[in-house]
């Protein structure tokens, strides 16, 4: 009997401990918007690190040695994918990361866009989170990854995800109701870079931008001139700067066209915690309120 008990104890020692095991899962999110989603679902069962923080530009981000160390110690790494974090594959390889990498945009019906920096080449638009119905897919992918890594917390993750999905659905209904008040011909604005394609497609807004999908390149004088002529011809009412871009170019366009600057939008990054867009849903509330106000017919 003693030998049998000893064998059983040894066998138990060989069974892997649950990922949680009294300690939170160590998760990394590539940028602030995705990090907020992970935190909403993971709650206090997840110890989260975000690589590209608030008001920072993921397109041009340069990883640090600290980022490599953070990735190396992670159980799960969440990234957007679709070419958004061009530096992530290199970082994961150099860090020797062993944690599972989850592409949160998996399952999204992608749209293509014209890369203005590559001679009109068609590429995949990575900004899928700008459509709240895609945000629901992100939530499903995050919940699944957390539940698989930490089975003991599965019911908690599912409950958190369901509560969060209800908030996303409510926000989606509000956005559609706000834009339904505005005639289709008035739903046209200018943004700093081409980050709102999914947003425009989902909510019936035409958005133009002097810069392509990445903030890294500078538009040519010819491109800016063409945009200025289009603004005047189509009598577009408002343009917006973004929290991750230099506002000077947009201010110049506003001066030359007489178009009003409608304020700052949040596209690829959240605001600081004390700002108007410190969460994914607050970002939508901020952006939609400003866009709808700018597009509203003159009374």
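The values are calculated or read from the model by the stated rules, or taken from the named source; none is laboratory data. Everything quoted here is computed from the prediction, not taken from an experiment. Cβ coordinates were reconstructed from backbone atoms using ideal geometry, including for glycine residues, and neighbour counts include every protein chain displayed.
Among the numbered criteria (1) over 30 Å from residue 231 (Cβ atoms); (2) touching a residue at least 24 places away in the same chain (Cβ under 8 Å), which one does residue 186 miss?
(1)
Residue 108 fails exactly one of the following numbered conditions: (1) outside any helix (DSSP H, G or I); (2) closer than 23 Å to residue 275 by Cα. What is the number of that condition?
Answer for residue 108: the failing condition is (2).
Go through segment 56-83 and count every residue that is surrounded by 19 or more Cβ atoms within 10 Å (Cβ to Cβ) and out of contact with any strand residue (DSSP E or B) (no Cβ under 8 Å at 6 or more places or on another chain).
Selection size over segment 56-83: 2.
Which condition number does residue 147 fail, the rest of (1) surrounded by 17 or more Cβ atoms within 10 Å (Cβ to Cβ); (2) in contact (Cβ under 8 Å) with a residue 12 or more places away in the chain; (3) part of a helix (DSSP H, G or I) being met?
(2)
Take the residues in segment 30-55 that are closer than 17 Å to residue 152 by Cα, in contact (Cβ under 8 Å) with a residue 40 or more places away in the chain and touching a strand residue (DSSP E or B) at 6+ places or on another chain (Cβ under 7 Å), then tell me which one is surrounded by the fewest Cβ atoms within 10 Å (Cβ to Cβ).
45
Check residue 126 against each of (1) without any contact (Cβ under 8 Å) to a residue 40 or more places away in the chain; (2) within 27 Å of residue 224 (Cα to Cα); (3) part of a loop (DSSP other than H, G, I, E, B) and name the one condition it does not meet.
Only one criterion in (1) without any contact (Cβ under 8 Å) to a residue 40 or more places away in the chain; (2) within 27 Å of residue 224 (Cα to Cα); (3) part of a loop (DSSP other than H, G, I, E, B) is unmet by residue 126, namely (1).
Which of the helices (runs of 4 or more DSSP H) contained wholly in segment 176-276 include at least 3 residues that are modelled with pLDDT of 90 or more and under 17 Å from the mean Cα position of the chain (by Cα)?
Helices (runs of 4 or more DSSP H) meeting the threshold: 197-203.
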